[in-house]
1. Which number in (1) under 29 Å from Ile28 (Cβ atoms); (2) open to solvent by 20 Å² or more (accessible area, probe 1.4 Å); (3) modelled with pLDDT under 95; (4) not small (Gly, Ala, Ser) marks the one condition that Arg87 misses?
2. Could you pull out the residue among Ala135, Ala130 that is at negative phi and part of a strand (DSSP E or B)?
3. Check Ser245, Ser188, Ser258, Ser194 and return the single one that is farther than 23 Å from Ala162 by Cα and either free of Cβ contacts under 8 Å to residues at least 40 places away in the same chain or in contact with a strand residue (DSSP E or B) (Cβ under 6 Å, 6 or more places away or on another chain) (or both).
4. Among the residues of segment 233-248, is any in a strand (DSSP E or B), at positive phi and exposed (fewer than 13 other Cβ atoms within 10 Å of the Cβ)?
5. Which residue is farthest from Val73 (Cα to Cα), if the candidates are limited to segment 15-58 and must be of a type in the set (A, V, I, L, M) and crowded, with 20+ Cβ neighbours inside 10 Å?
6. Is one or more of the residues making up segment 199-216 out of contact with any Lys or Arg (no Cβ under 9 Å at 6 or more places or on another chain), on the phi < 0 side of the Ramachandran plot, touching a residue at least 40 places away in the same chain (Cβ under 8 Å) and not in a strand (DSSP E or B)?
7. Residues being more than 15 Å from Thr138 (Cβ to Cβ) and part of a strand (DSSP E or B): count how many of those fall in segment 162-183.
Amino acid sequence: MSIATIQSDRLGANPFVVEGPIVSGSGIPGPNFSLGAVAGGDRESEWVYCQLVLASQTTLQPGQWFQWTRDYVASLLTTAAAVVGQRCGVFSGAAQPPTLTGGPVGAITLAPGTYYIWLQRNGQAPALVATATAALVTAETTATAGQASAPASATATTKAIANVNFAAANQTFTATTVNGSNLLTSLSGLNAGSGPFIGAAVSGTGIAGGTTIAGITYNPNGVVQSITLSANATANGSGITITASGVLEATLMRPFLSKVN
């Protein structure tokens, strides 16, 4: 995952800050940037500043897919709501909890209201994917809000997402598990930039079914120190092979909704 570094003179990775909720007359300014402003970062990454209006409490997680209008009003991407020709990209994570819950470059739960967020349109990014098979170059919408699919061939009636491909259908690495603990430590075979990512499903010896990655801890040099799981391990083990899937490393090249399959 990339981090934006050059969009303004403000300190910090501003594209991971969700601004809001913006309430008229509250004295809290918003938006803080012009809609459609572009942020740059490493690995050819780019983000676009968009408005997001939520009618109900919504949890955003890294890798969720959004589309946005010519006026830079964003919405979670679904097949039913997808508009051919609109640009799309992913939410990369939130650096602070403006309302209900949130954490460093992780998921964030937002109350109803108007927000301003940065959505990634270029470079390497986490991407929420239901199915990933074959050459990993076919991307399309799904019925689930914020989730894409990378099937072997296009699925009829979905909307094609052009200019995106995926590194692999899953990722494997090794870790130490401790019975009754939700931490994976002594990690090997992974890279902070290419995952695994928060929200990914994980499996392996001593890992309960349905477990996902709830958090990732980094040292000051950006190396992954530990991974927090959504459930405790059920056995002790070292050098255990862990498979992560569902949130994949994607290469975005300014994706857009190109056609109805």
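The values are calculated or read from the model by the stated rules, or taken from the named source; none is laboratory data. Every value quoted in this text rests on a predicted model; they were computed, and no experiment measured them. Note that each Cβ is placed from the backbone with ideal geometry, even for glycine, and that neighbours are counted across all protein chains shown. SASA here: full protein model, heavy atoms, side chains in, ligands and nucleic acids out. Shrake-Rupley method; radii C 1.70, N 1.55, O 1.52, S 1.80 Å.
1. With respect to (1) under 29 Å from Ile28 (Cβ atoms); (2) open to solvent by 20 Å² or more (accessible area, probe 1.4 Å); (3) modelled with pLDDT under 95; (4) not small (Gly, Ala, Ser), Arg87 is out only on (3).
2. Working: Ala135 fails: part of a strand (DSSP E or B).
The conditions single out Ala130.
3. Values: Ser245 fails: farther than 23 Å from Ala162 by Cα; Ser258 fails: farther than 23 Å from Ala162 by Cα; Ser194 fails: farther than 23 Å from Ala162 by Cα.
Ser188 is the lone residue from the list that is farther than 23 Å from Ala162 by Cα and either free of Cβ contacts under 8 Å to residues at least 40 places away in the same chain or in contact with a strand residue (DSSP E or B) (Cβ under 6 Å, 6 or more places away or on another chain) (or both).
4. Checking segment 233-248: at least one residue is in a strand (DSSP E or B), at positive phi and exposed (fewer than 13 other Cβ atoms within 10 Å of the Cβ).
5. Ranking the qualifying residues of segment 15-58, first place goes to Ala39.
6. Yes, that holds for at least one residue.
7. Here is the first cut: in segment 162-183, the residues more than 15 Å from Thr138 (Cβ to Cβ) are 170-183.
Still in the running and part of a strand (DSSP E or B): 171-177, 183.
Count: 8.
Residue-by-condition table, conditions (1) of a type in the set (D, E, K, R); (2) assigned to a loop (DSSP other than H, G, I, E, B); (3) free of Cβ contacts under 8 Å to residues at least 40 places away in the same chain:
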site: Trp47; (1), (2), (3): no, no, no
site: Pro62; (1), (2), (3): no, yes, no
site: Asp71; (1), (2), (3): yes, yes, yes
site: Val84; (1), (2), (3): no, yes, no
site: Gly89; (1), (2), (3): no, no, no
